[in-house]
Structure formats: structure tokens, C-alpha cells
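Let me begin by presenting the structure, written as C-alpha cells, before commenting on it.
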Amino acid sequence: MTRNYPFSAIVGQDDMKLAILAAALEPSIGGVLVMGDRGTGKSTAVRGLAALLPSMTVVKDCAYGCDPKAMASLCAICSSGAKTKVKTELRPVPVVDLPLGATEDRVLGALDIEKALTLGEKAFEPGLLAKANRGFLYIDEVNLLDDHLVDLLIDVAASGQNVVEREGLSVRHPARFVLVGSGNPEEGELRPQLLDRFGLAVEVKTPTDMTSRIEIIKRRDAFERNPDAFMKIWDKEDAKIRETMASARKKLASVKVDDKLLRDASTLCAHLGTDGLRGELTLLRASRAVAALDGKNKVTRDHLRRIAVPALQHRLRRNPLDESSSATRVQRALDELFA
């Protein structure tokens, strides 16, 4: 079995790690976009975190991993058996890679050719969206994704359901996942429609200080030479993150957000000129998730400041009179409004 590099062993990249933790804790944030240099731990962080999450309870033998507690979003098969006592099982949280060259059938699902030829039955073969339900859908080089796949993802991300109607089949199943994309901005920009679907966006860069660079090399080399021994060294740190996530899940629903904090969020978004209200909603949900991760019962301005750049920097319009980066503009607004 492939061993994932420990999440706790990643050197630096604090903004990326916080964004991924918050999005995993509160899926309604809308996922994470990580843009930056190659080899900076983008995919490593996603796969490492998934290994820390507690197993999820699913309807036994369900191809889509339906949540037995979410009766309104069950697939057709689970809905038909919902009147009887539902059998359940535990499964690890899925992390599904969506390759750039994937076909539409591979992503959405299609007719099961083997059953059609051998048994003469019309059966549905689930695609990548079905496998990613209640987990992570990871797209490397997301800015190079074909337009037709981008359109599919936008529809599914908005509805939380995948609808397939082809070859005489009509299938509808839940497809709720944390969308995580990564890429190099030098290779092309992301379509605005898909960019807007990411709740948080972070920029990662290759570390410039020698201490960090050397530590990264040492840890990665040690992991590749002896994964088991390296994992044991970081077991305790991973266990701490696992406990933090479990505690935050229990606390999240009770974390309070007062009107003053909401006013701060709205004031910041209005000052930056973000379109619509999605910025405020993301800022609210992400701040609440950060507070829960800190073990707090109430969201403070400090929580808002920590997550404001990832929540808002990809929502700013370009200003021809200001050549500063989006992250700099958000940070400058924070300093001006909440000094």
C-alpha cells in the first residue's frame, strides 16, 4: 500500500495547511485552490491530510458512499431501502485524482459495457465524481483542464448531484466533495467561472532561506529511503492534528459569530469591491472553522484576519492603477480597517 508523506512533516507553507484544514473541516467553504511553484508540497498536503481524517460511515456496499444520516441526499438504491434498517460500514475518506486527459464518461460515469455484453443488462458504472463523494477531488494543473470538464465540474459543484442520462440510462447520485486544485500560474489562468467555485485560494512559493530548504530535503530523503521509520517519527504529531480535527468537528456547530464580526467581514469586502456576497459567506465559514480548530467558542477578529487573504484574494477585480498582488491588497485593507 502506498504510504502518504505525513501532513505534520511538511515544512512551512502555513497558509496552505490552514486553508486545507479549514476546508476539510467545513466543506461548505467550497474547496481550496493552491497555485505556485512545482515541488512545493501541494498534492502532498492533500493526501497527507486525508490520511488523518476519521473514517466515514456509509451505507454498506453503496457505490457512492451515501451518508446514512443524510436521507435527503441518498442515491436511488439507498432511498429504496431506507424504510428498512440500513446496514452501515466504515470507509476511509477518499482522495480522487482527476487527470487532465480524462474523458467525460470517466468523470461522470457511463454504461457498464461488460454487463451489457455478458448479461444483457443496462447497468451504470460510476465515474470519478461518484468515487469522490464525501471526500476530496484533486485536480493537478487545474488551469489546463479542458473547458468541457470545467463546465461539468461547475454544474456538479453547484448542485451537489451528478446527473447522467445516456444510452438509455438515467442516473442521479450525490456528488459532494472538497474540490482541491493546484497549478502553476505561469502556464495559464483559470476560467473565472471555476475560480469562483473555490472558497479559498493560496499562493505557495519555493522557500528562499537555506534552513528550510535543507530541512525539506532531509525529510523527503528520509521518507523515501525508509517510509515506515519516517512515519513512526511523525506519528505523534499526526495524532495531534487528528485530535484537533476531531475536537473541532464537535465544536464547529456551537461556535458563535456576533454581528460585529459580520460587520467587519462586510466592511472588508465592500472596501475591496468584491462581487456579490460569496466573499462574506466564505469569510464567515472559514473564520468559524479556524476558531473551531483553535478550540474557541467564538470567532474573533484575529480569526478573520488569518483567513481573509485566502478567502478574498481571488475575488478581487484587477486594478490597472495598482500593480500590487491581490494578497497584498487584502493585507493592506486589513491593516487600514483593523489596525
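The values are calculated or read from the model by the stated rules, or taken from the named source; none is laboratory data. Please read all numbers here as calculations on a predicted model, not as lab measurements. With ideal geometry, Cβ positions are generated from the backbone for all residues, glycine too; neighbour counts draw on all protein chains shown. Surface areas here come from the heavy atoms of the whole protein model, side chains and all, with no ligands, DNA or RNA. Shrake-Rupley method; radii C 1.70, N 1.55, O 1.52, S 1.80 Å.
Of the residues screened, Leu52 is one that is under 16 Å from Ala289 (Cβ atoms) and assigned to a loop (DSSP other than H, G, I, E, B).
With respect to Val34, determine if the residue is farther than 20 Å from Ala130 by Cα, of a type in the set (A, V, I, L, M, F, W, C) and assigned to a loop (DSSP other than H, G, I, E, B). So Val34 does not fit the description; no. Can you give me the number of residues within the range 251-277 that are assigned to a loop (DSSP other than H, G, I, E, B), open to solvent by 50 Å² or more (accessible area, probe 1.4 Å) and under 23 Å from Lys296 (Cβ atoms)? Total satisfying the criteria: 3. Within the range 174-193, being basic (Lys, Arg) and touching a residue at least 60 places away in the same chain (Cβ under 8 Å) holds for one residue alone: Arg176.
Suppose the filter is within 27 Å of Val290 (Cα to Cα), aliphatic (A, V, I, L, M) and at pLDDT 90 or above; does Val204 pass it? So that I can check it myself, show each step before the final result.
Working: within 27 Å of Val290 (Cα to Cα): yes; aliphatic (A, V, I, L, M): yes; at pLDDT 90 or above: no.
For Val204, the condition - within 27 Å of Val290 (Cα to Cα), aliphatic (A, V, I, L, M) and at pLDDT 90 or above - is not met.
Of the residues Ile307, Ile241, the single one that is modelled with pLDDT under 90, touching a Ser or Thr at 6+ places or on another chain (Cβ under 8 Å) and within 23 Å of Gly30 (Cβ to Cβ) is Ile241.
Out of the residues in the range 194-213 meeting the condition of being touching a residue at least 24 places away in the same chain (Cβ under 8 Å) and within 16 Å of Gly39 (Cα to Cα), tell me which one is nearest to the chain's Cα centre (by Cα). Before the answer, list the steps.
Step one: filter the range 194-213 for residues touching a residue at least 24 places away in the same chain (Cβ under 8 Å), giving 194-207, 212.
Pick out the ones that are also within 16 Å of Gly39 (Cα to Cα) and you get 202-207, 212.
Values: Val202: 12, Glu203: 15, Val204: 16, Lys205: 20, Thr206: 22, Pro207: 24, Ser212: 26 Å.
Here the answer is Val202.
In the range 55-77, what residues are assigned to a helix (DSSP H, G or I) and touching a Pro at 6+ places or on another chain (Cβ under 8 Å)?
Residues of the range 55-77 assigned to a helix (DSSP H, G or I): 71-73, 76-77.
Selection gives Ser73 alone.
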